[in-house]
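Colleague: I have a structure I would like to understand better, so I am pasting it below and will then ask my questions one at a time.
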Amino acid sequence: MPHITDIRLPVVQLVRVCVEHHAAAAGRPALVEASVGFPERSLTAVVGPPGAGKTALLRCAAGRERPSRGRVFKGSRELAALDERELTQLRRLYVPRRPALPPAHTVYEHVTQAASVTGRVPSEAAVMEALRLVGLEEQAASRLTDLSAEQHKRVAIAAALPVGPRVMFVDEPSDGLDDAGVQRVMDAMRALVERAGYSVVIATRAPAVAAWADRAVLIGGGRVVGKIDWPTSDEIAAELADQPDVC
Ligand SMILES: Nc1ncnc2c1ncn2[C@@H]1O[C@H](COP(=O)(O)OP(=O)(O)OP(=O)(O)O)[C@@H](O)[C@H]1O
């Protein structure tokens with residue numbers, strides 16, 4: 001079992017992050033003084049109701065959105081100090097709710113091409129290892145059009161693997177999937193943690209999905225309102241229900 005201790009340096013850390021870009025339209029800031037760290041070799045679920053700020057938090061952590069205030073660190077370095085290549089690497093590690101994949105490509109071609117945007121073409125061994133980690137090595141030659149929504153999610157995760165830091169942000173991994181699909185996607189993420197030492201961060205509305213994680217970070221109304229280690233679905237649901245200002 002992986003251990004979470006607060007003395008380990010987080011792979012990525014947010015310190016009092018505020019996102020106010022759309023505050024006027026939304027009626028409130030997307031994030032308010034959100035502080036959270038994501039330790040290596042761990043699966044963290046950011047969980048809360050619709051509009052709570054989960055996507056904003058993951059996008060800030062992945063360098064896709066610049067906070068209005070506060071700081072984001074990758075290891076000991078602030079994102080603002082990273083060069084463009086390092087930022088591009090980090091941004092690729094965010095997998096959106098519905099990844100758009102080019103239909104004409106095979107799985108192998110897509111992972112190779114997607115990983116090459118940072119300027120380094122991954123070796124065949126690195127691509128096959130990424131596909132093995134997400135359980136798709138036998139689909140390497142399949143066209144993306146022939147795969148299911150669940151397999152698309154795993155391809156999108158694999159495409160982020162061959163280059164870059166060992167951290168991964170997956171927005172709503174269970175969106176649109178049946179129970180078997182959720183199981184396969186979560187198994188793939190658990191493999192990244194256990195077999196490759198990744199810090200995997202997911203955003204989800206569903207306490208039952210968050211219960212797969214080593215730690216649940218509860219978010220409501222743009223604020224981090226709680227953290228539960230080794231959470232159960234019931235504990236998460238109860239804690240969220242107790243929050244007066246959760247959305
Ligand atoms: N481009 C935008 N324009 C206007 N408001 C926005 C925009 N992006 C985010 N928001 C607002 O910021 C807040 C947080 O949104 P965010 O998408 O981070 O929430 P979420 O918890 O991921 O929600 P969901 O579960 O529905 O994906 C919401 O109030 C949302 O309406």
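Colleague: Test LEU131 against the criterion of being touching a helix residue (DSSP H, G or I) at 6+ places or on another chain (Cβ under 8 Å) and in a helix (DSSP H, G or I), and give yes or no.
Modeller: Taking the combined requirement at face value, the residue satisfies it.
Colleague: On to the next question. Looking at region 154-170, is at least one residue without any contact (Cβ under 8 Å) to a residue 12 or more places away in the chain and out of contact with any strand residue (DSSP E or B) (no Cβ under 8 Å at 6 or more places or on another chain)?
Modeller: no
Colleague: Restricting the first residue to region 121-143 and requiring it to be within 11 Å of ALA159 (Cα to Cα), which pairs with a second residue that is open to solvent by less than 10 Å² (accessible area, probe 1.4 Å) and among the hydroxyl-bearing types (Ser, Thr, Tyr) meet a Cβ separation below 6 Å and a spacing of at least six or different chains?
Modeller: none
Colleague: If you don't mind, another one. Working carefully through the options VAL217, VAL193, find the one that is within 14 Å of the ligand (Cβ to nearest atom) and among the hydrophobic types (A, V, I, L, M, F, W, C).
Modeller: None of the others qualify; the one that does is VAL217.
Colleague: Right, ARG120: on the phi < 0 side of the Ramachandran plot, of a type outside the set (Asp, Glu) and at pLDDT below 90 or not?
Modeller: Yes, satisfied.
Colleague: Need pairs with beta-carbon distance below 8 Å; first residue at pLDDT 90 or above and within region 84-113, second loosely packed, with under 14 Cβ neighbours inside 10 Å and not β-branched (Val, Ile, Thr); sequence gap 6+ or separate chains.
Modeller: Going by the 8 Å Cβ cut-off, the qualifying pairs are THR106/ALA141; VAL107/ALA141; TYR108/ALA141; HIS110/PRO102.
Colleague: Pick from ALA141, ALA125: which is touching a Ser or Thr at 6+ places or on another chain (Cβ under 9 Å) and open to solvent by 50 Å² or more (accessible area, probe 1.4 Å)?
Modeller: None of the others qualify; the one that does is ALA141.
The values are calculated or read from the model by the stated rules, or taken from the named source; none is laboratory data. These numbers come from a predicted model, not from an experiment. Counting neighbours? That spans all protein chains shown, and the Cβs are built from the backbone with ideal geometry, glycine included. Keep in mind that these areas ignore ligands, DNA and RNA; they rest on the heavy atoms of the full protein, side chains included. Shrake-Rupley method; radii C 1.70, N 1.55, O 1.52, S 1.80 Å.
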